[in-house]
There are 2 protein chains.
Amino acid sequence: MKKRIDPGTYACPAPTWCVGTYDTDGKANIMTIAWGGICCSVPPHLTISIRKVTHTYKALIHRKCYTVSIPSVKHLQEADYFGMVSGKNIDKFATSGLTAKRSEVVDAPYVEEFPLIFECEVRHILEIGGHVQFVGEILGIKADEKVLNSKGLPAIDKVNPFVYAPTSREYWSLKDVAGKGFSSGQTLIKSSSENQA
Amino acid sequence: MKKRIDPGTYACPAPTWCVGTYDTDGKANIMTIAWGGICCSVPPHLTISIRKVTHTYKALIHRKCYTVSIPSVKHLQEADYFGMVSGKNIDKFATSGLTAKRSEVVDAPYVEEFPLIFECEVRHILEIGGHVQFVGEILGIKADEKVLNSKGLPAIDKVNPFVYAPTSREYWSLKDVAGKGFSSGQTLIKSSSENQA
């Protein structure tokens with residue numbers, strides 16, 4: 001018997017990602033979000049949800065471009081800070097000591113010190129409620145060489161990202177492989193075939 | 001200097017969530033996804049992306065309702081299985097031995113054995129590319145009592161969810177608190193005020 005809880009944003013795990021934009025004056029801004037994710041494989045798209053009151057919202061409407069810089073645990077403090085203050089009157093890059101680098105793919109800056117970057121162009125804007133969802137096509141990805149696996153793709157343990165736990169407002173680090181995808185469930189497929197035989 | 005990588009769905013961490021629906025015949029079905037997340041706080045909404053070829057897609061179009069059951073590491077094998085086979089000709093609940101329970105809030109079933117359940121009604125359908133995004137309002141949440149914290153909300157360490165690592169197709173478990181949200185960044189706010197003084 002389960003206990004009922006009032007509706008809320010308690011789904012876990014949520015990502016901790018930093019959205020980079022240029023504002024209407026051309027100033028680089030960066031904002032941390034937890035409401036976002038991959039939303040299409042082909043072509044690859046990534047969605048972020050942003051409140052209208054934010055400085056990032058105005059920039060997104062104006063430029064129709066953004067980056068997502070994924071922080072390692074190493075930069076947790078800066079990532080948290082990026083979500084605490086508005087970029088309207090503050091240069092968050094300057095304050096944090098991190099570097100705003102201009103993407104050569106989209107009209108947006110990213111965090112040079114973060115290991116994995118997605119460069120997106122807005123394809124859809126959806127007003128949901130307090131948040132507006134921006135769906136961007138991923139036009140470019142860049143990563144530090146040291147976080148790549150043998151296939152040249154980013155390895156999660158080397159990127160060392162962290163997840164956001166909405167109910168406790170904590171960031172959680174990753175431990176290790178709990179299972180292989182498209183493999184752990186194989187036993188149940190076999191037992192299913194036997195049952196049907 | 002970063003290395004450029006061709007666009008792909010390499011953003012991490014991604015969730016591992018199981019989407020429950022009733023198909024057009026009323027049969028309970030369940031499908032695992034990694035493309036989804038919270039997309040609005042007020043009112044709370046949760047989005048999932050689904051390919052048109054899936055059995056779940058047809059059910060979603062027909063019923064306009066779904067649940068998201070969040071598996072613990074304990075049920076990783078079943079969750080992986082739910083993403084490997086189609087519910088068109090197979091009763092995945094029966095094969096896995098898990099229980100399809102009818103939600104009393106929306107027209108969809110959930111996995112009784114999983115600790116945390118979200119009950120959603122579709123508010124928007126957005127065709128992006130190979131995936132179609134369903135944006136659902138969270139109308140109900142239910143959780144096992146044993147995963148609740150002292151405030152009666154689900155605690156991430158008790159839910160014990162796992163994340164999906166797209167480039168290695170692995171599921172990763174969570175380790176521990178790496179930092180406090182809206183707190184770790186406080187030092188940078190102070191130093192910013194001092195700099196402006």
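The values are calculated or read from the model by the stated rules, or taken from the named source; none is laboratory data. What you see is a predicted model; the values in this text were computed from it and never measured. As a convention, Cβ positions derive from the backbone with ideal geometry for all residues, glycine included, and neighbour counts pool all protein chains shown. We work out accessible area using only protein heavy atoms, side chains counted, and drop any ligands, DNA or RNA first. Shrake-Rupley method; radii C 1.70, N 1.55, O 1.52, S 1.80 Å.
Some points to look at:
- Count of the stretch A:35-66 residues which are at the interface with chain B (Cβ under 8 Å from one of its Cβ atoms), small (Gly, Ala, Ser) and either within 18 Å of A:ILE117 (Cβ to Cβ) or buried (at least 23 other Cβ atoms within 10 Å of the Cβ) (or both): 3
- Subset of the stretch B:16-32 that is outside any loop (DSSP other than H, G, I, E, B) and open to solvent by 10 Å² or more (accessible area, probe 1.4 Å) - its residue that is farthest from the other protein chains (Cβ to nearest Cβ): B:TYR22
- Residue that is most open to solvent (accessible area, probe 1.4 Å), among those in the stretch B:67-110 that are closer than 14 Å to B:HIS55 by Cβ, among the small types (Gly, Ala, Ser) and under 16 Å from the mean Cα position of the chain (by Cα): B:GLY83
- Selected residue (criterion: least open to solvent (accessible area, probe 1.4 Å)) from residues of the stretch B:160-173 that are outside any strand (DSSP E or B) and free of Cβ contacts under 8 Å to residues at least 40 places away in the same chain: B:SER168
- In the stretch A:125-159, the qualifying residues are those that are more than 22 Å from B:TYR164 (Cβ to Cβ) and either more than 7 Å from chain B (Cβ to nearest Cβ) or assigned to a helix (DSSP H, G or I) (or both), and the one that is most open to solvent (accessible area, probe 1.4 Å) is A:LYS146.
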